[in-house]
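Scroll down for the structure; my scribbles are underneath it.
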Amino acid sequence: MSTILLIRSVGDLLDAVEDVNEFLVHRRQLVTESHEADEILGIWLRRELDTDLPAWLMLEPAIESGKSREGRVGQRFGPGEASLGIRESVSISQLWALCNIDGTLLSTADGATGRRRTILDHFVRARSTSHSSGDKAIFFAVFTATETGLSVKSTVRELQDSYPNIVGRTWFIDDPESGLSAAPWEDDA
């Protein structure tokens, strides 16, 4: 399952990451599943933590002909599946929320970069169509410890090009034993 960390403001970033790291380390020691099941894709700074979030919707299964109950041809969902939504979240005092996001749009996306794009597409679309405050939202990509190097910078540049003024130059590394740590941008010589 993919996870995204929502943090209320830049001023809360360091404290929130420290709190989340304590939570993750404890949780990962208790859960015997692989680290991939707890994939953190990004940190999203947004003042209104729970506004415009994709709720987990239980969709009716498509009938055998491939058409929905209304007769529209479309993607078929099995019982209890949603295209994208938050299955569960943990929040502390409205400073941060760690949200587990799942659904067919994520399970069919091409790798972690595809899942990040899917989540960003939803958040950007939701913010542009809602009546949320005009506060600027910033997204920091999170990578596994094995994804460091030029591929990370390339992915961050690609995300910045696709989502201008949203994706930050700093990214985070998620180590299964120590949690999240910032990896600031260093220009190549």
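Results for (1) surrounded by 19 or more Cβ atoms within 10 Å (Cβ to Cβ); (2) modelled with pLDDT of 90 or more; (3) within 14 Å of the chain's Cα centre (by Cα); (4) of a type in the set (A, V, I, L, M, F, W, C), shown as yes or no for each residue.
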{"site": "H131", "(1), (2), (3), (4)": "no, no, no, no"}
{"site": "F139", "(1), (2), (3), (4)": "yes, yes, yes, yes"}
{"site": "L150", "(1), (2), (3), (4)": "no, no, no, yes"}
{"site": "V156", "(1), (2), (3), (4)": "yes, yes, no, yes"}
{"site": "Q160", "(1), (2), (3), (4)": "no, yes, no, no"}
{"site": "V167", "(1), (2), (3), (4)": "yes, yes, yes, yes"}
{"site": "T170", "(1), (2), (3), (4)": "no, no, no, no"}
{"site": "S181", "(1), (2), (3), (4)": "no, yes, no, no"}
{"site": "A189", "(1), (2), (3), (4)": "no, no, no, yes"}
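In region 107-117, what residues are assigned to a helix (DSSP H, G or I), surrounded by fewer than 20 Cβ atoms within 10 Å (Cβ to Cβ) and not β-branched (V, I, T)? Even if it seems obvious, please write down each step before you answer.
Within region 107-117, the first condition is being assigned to a helix (DSSP H, G or I), and the residues that meet it are 107, 111-117.
Those still in the list that are surrounded by fewer than 20 Cβ atoms within 10 Å (Cβ to Cβ) too: 107, 111, 113-114, 117.
Across region 107-117, the qualifying residues are S107, G111, G114, R117.
The values are calculated or read from the model by the stated rules, or taken from the named source; none is laboratory data. If you're wondering where the values come from, they're calculated on a predicted model, not measured in any experiment. In this analysis, Cβ positions are derived from the backbone assuming ideal geometry, glycine residues included, and neighbour counts consider all displayed protein chains.
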